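**Q** Submitted below is the structure of interest, expressed as structure tokens.
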Amino acid sequence: MVRTPRSVNSIGKASVVLTLALCLFACHKPEVQQGTETLPREQIAALLTDTVSTLISDSGVTRYRIEAPQWLLYDKTDPPYQEFPKGVYLEQFDYDLSVQASLQSDYAYYNEKEQVWTLSGNVHALNRKGEQFDTPKLIWDQKSHRVYSDTTIHITREKSIIEGVGFESNEEMSKYTILNPTGVFPINEDE
């Protein structure tokens, strides 16, 4: 088949237009907002995960469940840390997978070097005895196995409510001291 100059010219024009279009799309860079700059590696999260739900086992037995809307890991900072800017929820299970204890907060920060968790904003903890702890800030030092706060604390127990400012506790929140306590206790009027 012999092509006429016109058909070759049409194909040539079409390929030039196609090549130019591909170059424009391939070389197109997204617009950069004014005022943005490149951040040093130390300020960039090595891991950014949305909608985290994970189980943690010990010796083959599921012991914990962690959920978080967002998890950021900064491994090049000094000290390295993990951040849960939209909160975290933790459950501890017994051997029958029944929830023994839980912990929830609006924000969480974990200092990997010191092994210290700082939880803040509507912190709610439920211990194995069914006691509910509510505070705006809670610190959990994993090295010393200690939980403490210097802010207000509200503990709801089966038959009483204890409030105060500042408290210290063991890791399980089963043995605790309220530093400046107040309380609401039921009174039997017949006695």
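**Q** Given the conditions (1) at pLDDT below 90; (2) part of a strand (DSSP E or B), report the number of the one that Ile178 does not fulfil.
**A** So Ile178 meets the others, but not (1).
**Q** May I ask you to verify whether Lys137 is under 18 Å from the mean Cα position of the chain (by Cα) and either in contact (Cβ under 8 Å) with a residue 40 or more places away in the chain or assigned to a loop (DSSP other than H, G, I, E, B) (or both)?
**A** Values: under 18 Å from the mean Cα position of the chain (by Cα): yes; either in contact (Cβ under 8 Å) with a residue 40 or more places away in the chain or assigned to a loop (DSSP other than H, G, I, E, B) (or both): no.
Criteria not met by Lys137.
**Q** Could we say that Tyr110 is under 17 Å from Met173 (Cβ atoms), among the aromatic types (Phe, Trp, Tyr) and either buried (at least 17 other Cβ atoms within 10 Å of the Cβ) or out of contact with any strand residue (DSSP E or B) (no Cβ under 9 Å at 6 or more places or on another chain) (or both) here?
**A** In short, no.
**Q** Does region 126-136 contain at least one residue that is out of contact with any Ser or Thr (no Cβ under 7 Å at 6 or more places or on another chain), of a type in the set (S, T, N, Q) and either more than 30 Å from Val165 (Cβ to Cβ) or surrounded by 13 or more Cβ atoms within 10 Å (Cβ to Cβ) (or both)?
**A** So far as region 126-136 goes, no, none of its residues is out of contact with any Ser or Thr (no Cβ under 7 Å at 6 or more places or on another chain), of a type in the set (S, T, N, Q) and either more than 30 Å from Val165 (Cβ to Cβ) or surrounded by 13 or more Cβ atoms within 10 Å (Cβ to Cβ) (or both).
**Q** Looking at region 150-169, is at least one residue closer than 20 Å to Asp58 by Cβ, among the small types (Gly, Ala, Ser) and crowded, with 18+ Cβ neighbours inside 10 Å? Give the derivation first.
**A** Narrowing region 150-169 to residues closer than 20 Å to Asp58 by Cβ: none.
No, that holds for no residue.
**Q** Out of all the residues in region 84-100, which are crowded, with 17+ Cβ neighbours inside 10 Å and closer than 18 Å to Lys137 by Cα?
**A** The answer is Phe84, Gly87, Val88, Tyr89, Leu90.
**Q** I'm trying to understand the selection: among the residues of region 143-175, which are in contact with a strand residue (DSSP E or B) (Cβ under 9 Å, 6 or more places away or on another chain), over 22 Å from Val116 (Cβ atoms), assigned to a loop (DSSP other than H, G, I, E, B) and not basic (Lys, Arg)?
**A** Once the filter is applied, which keeps residues that are in contact with a strand residue (DSSP E or B) (Cβ under 9 Å, 6 or more places away or on another chain), over 22 Å from Val116 (Cβ atoms), assigned to a loop (DSSP other than H, G, I, E, B) and not basic (Lys, Arg), region 143-175 yields only Ser160.
The values are calculated or read from the model by the stated rules, or taken from the named source; none is laboratory data. This is a predicted model, so every value here is computed, not measured. Heads up, the Cβs are rebuilt from the backbone with ideal geometry, glycines too, and the neighbour counts pull from every protein chain shown.
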